[in-house]
Amino acid sequence: MITALTADASAKIILFGEHAVVYGTPAIAAPVSSLRAAAQVQPEAPGTGLRIAVHDLAQLLPVDPGSSGQLDNALVVTARLVLAALDVPPPDATIHLRSQIPMASGLGSGAAVSTALARALSAYLGQPLELSALNAVIFEVEKLHHHTPSGIDNTVIVYEQPVYYVRSQPIEPIRIGAPLHILIGDTGTGALTKTAVDAVRALYNHDTAGVQTLFDSITTLVMRARSAIEEGDLTRIGRLMDENHAHLARLTVSSHTLDRLVEAARMAGAFGAKLSGGGRGGNMITLVDEFHRPKVEAALLAAGAARVLATTLHPTSSPFDSQPHI
Ligand code: PMV
């Protein structure tokens, strides 16, 4: 007898290098393992077909394997790509999706929900996708959200490890030298990654040389950030976060609220702070020590954060030393 099967996936933050990463520069991202999306596949009576129940949006989506794909919901496309990768017909089942990750906020909600779905469906079909095949599926889905994804979101979420990422290059896991206590401040304003990515593209087309100079300094910054993270040098990591936020503001992807939260965190004693992800809303991140953490959290809330989440990146002795959730 086939029984229900559950899988999940984490949220993510981008520590350094968002936006420029779309143009081939390096970036660093890490999973937020305490914040997750989950999928459960429930068998149904013969003839029901495959359906996706998105509980947070009260949607029930039928998966028609024959449909064209382009205009479809990203979750339906995910299921269809899994079926195509495994070369199997849709089972009679409902995939129940639930997520703790706020949508359109730079935390990778779309990629996480699709990853959980693809994991659960492929495992239910008896052929769990291995990580690189799963990553390829979720990268295709990311293209629906904005046309030129760098691939960093799907990579960090599928592998659930901190990564140093360069588009189209082999994934490089990054070692964490000392615990990184990070607060994630939510502006409460949703923002589509596509809008921000399009704005950077317009700026790049308008002033290619100027933006390229900015990308070059972001490249150097991300390489320095990698060393600082591996050495556990919190002061240097914080300073580089501040610098990266200034680059992102010049790329026009910050906002008054993001700037206010970043400034509040710094004033309250954080090592540094920056927006994280697409920007123009969504979330900012700030690096704190244990002593300043409550002060910074209070300052973020006083400055208008809709909520503050805490996550810690724990030191790793060797890269990829823990297994992703399947
Ligand atoms: O999905 P978000 O909002 O976390 O942004 C992804 C990061 C970008 O660099 C802005 C886009 C990309 O494809 O890398």
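The values are calculated or read from the model by the stated rules, or taken from the named source; none is laboratory data. Only a predicted model underlies this, so the values are computations on that prediction, with no experimental measurement involved. Note that we place each Cβ from the backbone using ideal geometry, even for glycine, and neighbour counts take in every protein chain shown. These area figures cover heavy atoms from the full protein model, side chains too; ligands, DNA and RNA do not enter into them. Shrake-Rupley method; radii C 1.70, N 1.55, O 1.52, S 1.80 Å.
Things worth noting here:
- Residue-level analysis places R51 outside the set of residues that are of a type outside the set (V, I, T), open to solvent by 10 Å² or more (accessible area, probe 1.4 Å), closer than 22 Å to T286 by Cα and more than 13 Å from the ligand (Cβ to nearest atom).
- Residues located in the stretch 206-236, provided they are within 20 Å of P315 (Cβ to Cβ), part of a helix (DSSP H, G or I) and more than 20 Å from the chain's Cα centre (by Cα): R224, S227, A228, E230, E231, L234, T235, R236
- Conditions (1) crowded, with 23+ Cβ neighbours inside 10 Å; (2) farther than 29 Å from V166 by Cβ; (3) at pLDDT below 95: number failed by D64: (1)
- Sole exception among (1) in contact with a Ser or Thr (Cβ under 8 Å, 6 or more places away or on another chain); (2) on the phi < 0 side of the Ramachandran plot for E160, by number: (2)
- Residues that are open to solvent by less than 30 Å² (accessible area, probe 1.4 Å) and more than 16 Å from the ligand (Cβ to nearest atom) within the stretch 91-101 comprise P91, A93, T94, I95, L97, listed in sequence order.
- Only one of V88, V82 that is β-branched (V, I, T), within 19 Å of L134 (Cα to Cα) and open to solvent by less than 10 Å² (accessible area, probe 1.4 Å): V82
- Put simply, of L134, L203 the only residue that is assigned to a helix (DSSP H, G or I), free of Cβ contacts under 8 Å to residues at least 60 places away in the same chain, touching a helix residue (DSSP H, G or I) at 6+ places or on another chain (Cβ under 8 Å) and within 16 Å of the ligand (Cβ to nearest atom) is L203.
- Checked across the stretch 169-189, the condition of being within 11 Å of the ligand (Cβ to nearest atom), over 24 Å from T257 (Cα atoms) and surrounded by fewer than 21 Cβ atoms within 10 Å (Cβ to Cβ) holds for no residue.
- In the stretch 102-122, residue most open to solvent (accessible area, probe 1.4 Å) [restricted to those that are of a type in the set (A, V, I, L, M, F, W, C) and within 12 Å of D8 (Cα to Cα)]: V113
- As a summary of the residue check, T195 satisfies the conditions (1) out of contact with any Gly (no Cβ under 9 Å at 6 or more places or on another chain); (2) open to solvent by 10 Å² or more (accessible area, probe 1.4 Å); (3) under 19 Å from E18 (Cα atoms) except for the one numbered (1).
- R280 being closer than 19 Å to I13 by Cα, open to solvent by 50 Å² or more (accessible area, probe 1.4 Å), in contact with a strand residue (DSSP E or B) (Cβ under 9 Å, 6 or more places away or on another chain) and of a type outside the set (S, T, Y): no
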